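The values are calculated or read from the model by the stated rules, or taken from the named source; none is laboratory data. All values reported here derive from a predicted model rather than from experimental measurement. Backbone-built Cβ (ideal geometry, glycine too); neighbour counts: all protein chains shown. Each accessible area value is taken on the protein alone, full model and side chains, heavy atoms only, with ligands, DNA and RNA left out. Shrake-Rupley method; radii C 1.70, N 1.55, O 1.52, S 1.80 Å.
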Amino acid sequence: MTTTETQLAEYALYIDGNSMPAESGDSYESINPFTGDAWARVPDAGAADVDRAVGAARRALDGPWGELTAPQRGKLLRKLGDLIARDADRLGEIETKDNGKLLREMAGQAKALPEWYYYFAGLADKFEGSVIPTDRANYLVYTRHEPVGVVGAIVPWNSPLLLLTWKLAPALAAGCTFVVKPSDYTPASTLELAKLVEEAGFPPGVFNVVTGWGPPAGQALAGHPDVNKVAFTGSTATGIAVAHAAADNLARVTLELGGKSAQVVFSDADLDAAANGVIAGVFAATGQTCMAGSRLVVHESVKDALVAKIVERAERIKVGDPTAPETEMGPLANDRQFEKVLGFFESAREQGATVACGGQSVAELGGYFVRPTVLTDVDPTMRAVREEIFGPVLTVLPFNDEDGAVALANGTQYGLAASVWTKDVHRAHRMAARLRAGSVWVNAYRTVSPQVPFGGFGASGIGRENGSDAIRAYTETKAIWVELSAETRDPFTLG
Ligand code: NDP
């Protein structure tokens, strides 16, 4: 990064271990959504740049990186984790400038990232093949887990380095090489990470970054014939387009998509704890998280009391400068998000919802700020209840019995996350089994860890990230048959 007279930070693409402009020479400005000002200039890459990056990744795979042992890859991953820990505050600041989320959230995420690199570094030399006891006495059969090849990763703006890390750490542990296309709104932290990858000592071409405005660079990466696996996080609509593009090349696909997650609160729940969990689930990160708990499914008998607690806290949420330590909710990340959320306020009113709090922008702050919003008197057919808003908007759906709660909670095309709030241990486990979601929290919400699988049912995606199985998604399993008897066989039967 260099800084010009106008104080714009200048970034370059990172391909084959080198910083370079886009082949077209084009660039665009990254805007700080809090100030509304451009703060960085990044290259606007296209298909030719993606092609260069994929070529570099292929050469690295066939060259020096492919020759490293699993323990050597693990050491490099550990070193990268150390360097991220050293620079975590700076990386967090950069992410806040790009996406407007709270500095304490982004710096907190950056500080947690090393744990993912350490976890997958540890797995690199423990993901073992096996010797298979077959029904053929004259064969020794064993398996090898080999890297799937070149990985193309496409990540969104809400948690750029975290969502990249969920892909990069297992991919490198497995021995893959990597090309990432960050969101056009949040390119800078990924380009900063490239410097740390280089400093850690990874060979050129193992990690490549192409930044570009709008879909072209992502489309070129998802559909590149020499990409073996596409790993994507973002909206369901784009995920489907990415999967179509990858399918033309039979590239493997992992998709982490949207959600409309339910927080189910029973009448015996600790209502203060539940209110706090609901606030954490839908208002933290200004609601811009895939796992946002945006539907409150609450027993009729405690609905009014719980909604009163949530509204009281929501009205006290400090909205403002995301870098100020006292701020609890920053702006929405960009103009598109802002217009989208305002559109949901309008449609909810038109469709007859009651706005218990919020439902408007924060005029005195300008920019992309909206108030934390609670919508009651909604029904499951309303847009605000069915669609992912990706903003601080909670819809409240009452139920009368457990079956009703399950029907409401599962009444969505999505299935990313859910929670159950109850003191009844029997009911807690029963509900955890009945809810169709990739993560279910009991008396908690919005926790993740490198050790725990994360992903969705239904329209929330395909595959899981994190946990020991995540490395499997970056490998091909090869079966090796070794004939032991040295006898010839009937060539016209299946051996
Ligand atoms: P998208 O899903 O469109 O974007 C995610 C990533 O995909 C970005 O890097 C984007 O690049 C890239 N991309 C866009 N179009 C294509 C394409 N045709 N082929 C390949 N890559 C592509 O999300 P948006 O940023 O547009 O946000 C829209 C909505 O998506 C949000 O309001 C929210 O509802 C949802 N969303 C969900 C997320 C989640 O974690 N589940 C994360 C982000 C968004 P670029 O940004 O450069 O266009």
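Brief remarks on what is shown
- Failed condition for residue 465, given (1) under 25 Å from the mean Cα position of the chain (by Cα); (2) open to solvent by 30 Å² or more (accessible area, probe 1.4 Å): (2)
- For region 362-391, a residue qualifies if it is within 29 Å of the chain's Cα centre (by Cα) and among the hydroxyl-bearing types (Ser, Thr, Tyr), and the qualifying residues are 368, 373, 381.
- Set side by side, the residues 168, 123, 172, 140 differ, and just one is within 16 Å of the ligand (Cβ to nearest atom) and either at pLDDT 95 or above or open to solvent by less than 30 Å² (accessible area, probe 1.4 Å) (or both), which is 168.
- Out of 479, 470, one residue alone is in contact with a strand residue (DSSP E or B) (Cβ under 7 Å, 6 or more places away or on another chain) and either in contact (Cβ under 8 Å) with a residue 60 or more places away in the chain or crowded, with 21+ Cβ neighbours inside 10 Å (or both). It is 479.
- Highlighted here are the helices (runs of 4 or more DSSP H) found entirely within region 1-114 that include at least 2 residues which are more than 21 Å from residue 169 (Cβ to Cβ) and at pLDDT 95 or above: 47-62, 70-99.
- Cβ pairs under 8 Å, 6+ apart, first in region 173-193 and among the aliphatic types (A, V, I, L, M), second within 15 Å of the ligand (Cβ to nearest atom) and open to solvent by 10 Å² or more (accessible area, probe 1.4 Å): 180/154; 188/11; 191/11
- Taking the criterion of being crowded, with 18+ Cβ neighbours inside 10 Å and small (Gly, Ala, Ser), the only residue of region 28-39 that qualifies is 30.
- Only residues that are open to solvent by 40 Å² or more (accessible area, probe 1.4 Å) and assigned to a strand (DSSP E or B) were counted across region 396-452, and they come to 3.
- Lone qualifier among 193, 161, 221, 140 - being over 18 Å from residue 463 (Cα atoms) and over 21 Å from the mean Cα position of the chain (by Cα): 140
- Selection of region 143-165 for residues being in a strand (DSSP E or B) and crowded, with 24+ Cβ neighbours inside 10 Å yields 150, 151, 152, 153, 154.
- Comparison of 182, 203, 156, 187 shows that the only residue that is away from the ligand (no atom under 16 Å from the Cβ) and in the same structural domain as residue 97 (by TED's automatic domain parsing) is 203.
- In region 267-284, of all residues being open to solvent by 10 Å² or more (accessible area, probe 1.4 Å) and within 23 Å of residue 339 (Cα to Cα), the one that is farthest from the ligand (Cβ to nearest atom) corresponds to 279.
- When restricted to residues that are in a helix (DSSP H, G or I), touching a Phe, Trp or Tyr at 6+ places or on another chain (Cβ under 8 Å) and surrounded by fewer than 16 Cβ atoms within 10 Å (Cβ to Cβ), region 315-369 contains 1.
- Which numbered condition residue 88 misses (of (1) closer than 25 Å to residue 333 by Cα; (2) in contact with a Pro (Cβ under 9 Å, 6 or more places away or on another chain); (3) open to solvent by 10 Å² or more (accessible area, probe 1.4 Å)): (3)
- Within region 190-209, being crowded, with 24+ Cβ neighbours inside 10 Å and either among the small types (Gly, Ala, Ser) or not in a helix (DSSP H, G or I) (or both) holds for 202, 205, 206, 207, 208, 209.
So that you can scan it fast, the table gives a plain yes or no per residue for (1) in contact (Cβ under 8 Å) with a residue 40 or more places away in the chain; (2) more than 16 Å from the ligand (Cβ to nearest atom):
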site	(1), (2)
297	yes, yes
302	no, yes
311	yes, yes
326	no, yes
333	yes, no
338	no, no
354	no, yes
368	yes, no
396	yes, yes
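- Selection within region 218-236: residues that are of a type in the set (Gly, Ala, Ser) and within 7 Å of the ligand (Cβ to nearest atom). The member of this set that is most open to solvent (accessible area, probe 1.4 Å) is 235.
- Tallying residues that are in a strand (DSSP E or B) and in contact with a Pro (Cβ under 7 Å, 6 or more places away or on another chain) within region 370-395 yields 2.
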